[in-house]
1. Going by the conditions given, is Phe92 open to solvent by 10 Å² or more (accessible area, probe 1.4 Å), closer than 23 Å to Arg241 by Cα and assigned to a helix (DSSP H, G or I)?
2. Could you please find all residues in the stretch 62-89 being more than 25 Å from Ala313 (Cα to Cα), assigned to a helix (DSSP H, G or I) and among the small types (Gly, Ala, Ser)?
3. Going through the stretch 291-343 one residue at a time, which ones are in contact with an Asp or Glu (Cβ under 9 Å, 6 or more places away or on another chain), polar (S, T, N, Q), modelled with pLDDT under 95 and open to solvent by 30 Å² or more (accessible area, probe 1.4 Å)?
4. Would you be able to tell me the number of residues in the stretch 185-235 that are assigned to a helix (DSSP H, G or I) and open to solvent by 10 Å² or more (accessible area, probe 1.4 Å)?
5. Looking at Gly77, Gly115 in this structure, which one is crowded, with 17+ Cβ neighbours inside 10 Å and on the phi > 0 side of the Ramachandran plot?
6. Of Arg136, Arg114, Arg102, Arg170, which residue is over 30 Å from Glu82 (Cβ atoms), at pLDDT 90 or above and among the basic types (Lys, Arg)?
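The values are calculated or read from the model by the stated rules, or taken from the named source; none is laboratory data. Treat the numbers as computed from the prediction; the structure is a model and nothing was measured. For neighbour counting, all protein chains shown are included, and Cβ atoms are generated from backbone atoms with ideal geometry for every residue, glycine included. Just so you know, the surface numbers come from the protein's heavy atoms only, side chains and all, with ligands and any DNA or RNA stripped out. Shrake-Rupley method; radii C 1.70, N 1.55, O 1.52, S 1.80 Å.
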Amino acid sequence: MIEERNVFIEERVLHFKQPAGTSRGVYTERRSWLVTVSDGNRCGVGECAPLPDLSCDARPDYAEVLRRFCDELETTGEIPYEAMRDYPSMLFGLETAVLELRRGACLFDTPFSRGEAGIPINGLVWMGSYDEMLQRMEQKLEQGFRCVKLKIGAIDFEQELALVRRIRDRFSFHEVELRLDANGAFPYNEALYKLELLSQYNIHSIEQPIRQGQWAFMANLCRESPLPIALDEELIGVNDRELKGRLLNIIKPAYIVLKPSLHGGMAGCREWIEAAREHEVGSWITSALESNVGLNAIAQFCSSVYGDDIAMAQGLGTGQLFTDNIPMPLEIRGDQLWISGRS
């Protein structure tokens with residue numbers, strides 16, 4: 001329990017260096033709420049950052065609902081976890097703030113949090129024209145990334161296929177791991193055909209090929225697909241512990257991709273990881289376009305749940321997206337994310 005606590009909220013708007021395109025649209029700015037919890041001597045800061053039209057808790061009265069949860073934290077000294085199950089971005093922000101208040105900058109006692117080890121990350125190539133995506137891909141490879149994630153589904157599929165083909169002509173799957181993210185862009189009746197065409201190019205996995213909420217169709221696709229399928233948007237709003245296991249048992253994906261702001265905060269993601277292990281489903285963690293405040297917490301959380309030696313690339317390379325990001329000691333070295341200045 002936190003004694004003599006005060007909880008403050010500050011709204012922030014961050015601006016993208018270049019528009020971030022997905023199959024759902026283009027982001028030019030990012031709105032978030034920073035929550036500061038203080039006990040009079042120390043303080044902790046967390047980020048609450050819902051994604052419009054995607055987060056299950058993105059709502060017009062977001063600030064008012066967040067204030068009510070902050071008031072409860074002030075009154076009781078505890079985060080109301082059960083009441084916040086359906087408010088994952090708010091829960092994640094409060095979890096982060098309370099952890100920092102109690103533990104300081106090292107939210108978890110891990111080599112990464114102490115600045116002694118890095119976390120492997122993938123390079124991210126946003127949607128754009130063929131030439132734009134090719135240029136971005138070239139930049140990621142020149143920067144030393146050995147795992148690159150392409151967002152697809154916004155331009156003509158034949159052009160996207162040609163881009164994948166061009167990458168594989170230059171780099172074998174031993175040199176570069178390719179991941180795809182369709183953000184639900186494929187119609188179900190075209191999805192299997194497109195996955196078969198993509199499978200010629202040694203793709204690691206594809207996230208959310210069809211839109212979420214079609215469990216029967218997604219289960220059939222996971223069964224028939226020549227490519228491993230990862231669930232992302234499918235997990236949004238599935239906040240009950242028992243329902244998480246039921247979803248994995250029905251759909252049987254190869255992987256799940258977890259974002260604390262979308263998938264239940266840190267507590268909810270731990271439940272997802274436990275359920276995934278029980279069903280022999282792989283997982284990795286990514287950020288959801290948070291500022292460096294959220295990214296720092298997600299990366300430290302990632303290091304705590306996957307242990308000291310993280311082999312699979314995580315999706316934690318979004319810290320350089322904004323012109324006015326919040327300074328944090330995060331640094332990308334080659335294809336790894338590090339916390340600098342602690343070792």
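1. Working: open to solvent by 10 Å² or more (accessible area, probe 1.4 Å): no; closer than 23 Å to Arg241 by Cα: yes; assigned to a helix (DSSP H, G or I): yes.
Against the criterion (open to solvent by 10 Å² or more (accessible area, probe 1.4 Å), closer than 23 Å to Arg241 by Cα and assigned to a helix (DSSP H, G or I)), Phe92 does not qualify.
2. Here is the first cut: in the stretch 62-89, the ones more than 25 Å from Ala313 (Cα to Cα) are 62-87.
Subset that is assigned to a helix (DSSP H, G or I): 62-76, 82-84.
Listed by number, the residues that qualify are Ala63, Ala83.
3. Scanning the stretch 291-343 gives Ser340, Ser343.
4. Taking the stretch 185-235 as the starting set, the residues that turn out to be assigned to a helix (DSSP H, G or I) are 188-201, 215-224, 233-235.
Keeping just the survivors that are open to solvent by 10 Å² or more (accessible area, probe 1.4 Å) gives 188-190, 192-194, 196-197, 199-201, 215-217, 219-220, 222-224.
Of the residues in the stretch 185-235, 19 are assigned to a helix (DSSP H, G or I) and open to solvent by 10 Å² or more (accessible area, probe 1.4 Å).
5. Numbers: Gly77 fails: crowded, with 17+ Cβ neighbours inside 10 Å.
The match here is Gly115.
6. Working: Arg136 fails: at pLDDT 90 or above; Arg102 fails: over 30 Å from Glu82 (Cβ atoms); Arg170 fails: at pLDDT 90 or above.
Going through Arg136, Arg114, Arg102, Arg170 in turn, just one is over 30 Å from Glu82 (Cβ atoms), at pLDDT 90 or above and among the basic types (Lys, Arg): Arg114.
Residues checked against (1) open to solvent by 40 Å² or more (accessible area, probe 1.4 Å); (2) within 23 Å of the chain's Cα centre (by Cα); (3) within 22 Å of Asp309 (Cα to Cα):
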| site | (1), (2), (3) |
| --- | --- |
| Thr110 | no, yes, yes |
| Asn122 | no, yes, yes |
| Met137 | no, yes, no |
| Ala154 | yes, yes, no |
| Ser172 | yes, no, no |
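Every residue, every condition in (1) farther than 17 Å from Ala267 by Cβ; (2) surrounded by 15 or more Cβ atoms within 10 Å (Cβ to Cβ); (3) more than 19 Å from the chain's Cα centre (by Cα), yes or no:
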residue: Ala49; (1), (2), (3): yes, yes, no
residue: Pro52; (1), (2), (3): yes, no, no
residue: Cys56; (1), (2), (3): no, yes, no
residue: Arg59; (1), (2), (3): yes, no, yes
residue: Glu64; (1), (2), (3): yes, no, yes
residue: Phe69; (1), (2), (3): no, yes, yes
residue: Leu73; (1), (2), (3): no, yes, yes
residue: Tyr81; (1), (2), (3): no, no, yes
residue: Tyr87; (1), (2), (3): no, yes, no
